[in-house]
1. Evaluate region 41-53: report whether one residue or more is outside any strand (DSSP E or B), acidic (D, E) and at pLDDT below 95.
2. Looking only at region 9-39, count every residue that is modelled with pLDDT of 95 or more and in a strand (DSSP E or B) and tell me the total.
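The values are calculated or read from the model by the stated rules, or taken from the named source; none is laboratory data. Bear in mind the structure is a predicted one, so any value in this text is a computation, not a measurement.
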Amino acid sequence: MKHYEYVNVLVSQKWTGGKLEEHRTVIDEYAAMGYRYVGYIPTEFSDYGKYKAVDLIFERED
């Protein structure tokens, strides 16, 4: 059976755009625990449709 973990990551909002700050660290931490990164889902948007937050999705066999 597969087990999934969802980690919410904020996207920094700057005047000209945004960027992810912590996604690489989170992916490395979960990989060390035996999880595989499988994708992301946007969970929050700005008024102009830019991502404000995403859930990183990890999977592991139990």
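1. Of the residues in region 41-53, the ones outside any strand (DSSP E or B) are 46-50.
Now restrict to residues that are acidic (D, E): 47.
Checking which are at pLDDT below 95 leaves us with 47.
The answer is yes; a qualifying residue exists.
2. Within region 9-39, residues that are modelled with pLDDT of 95 or more and in a strand (DSSP E or B) number 4.
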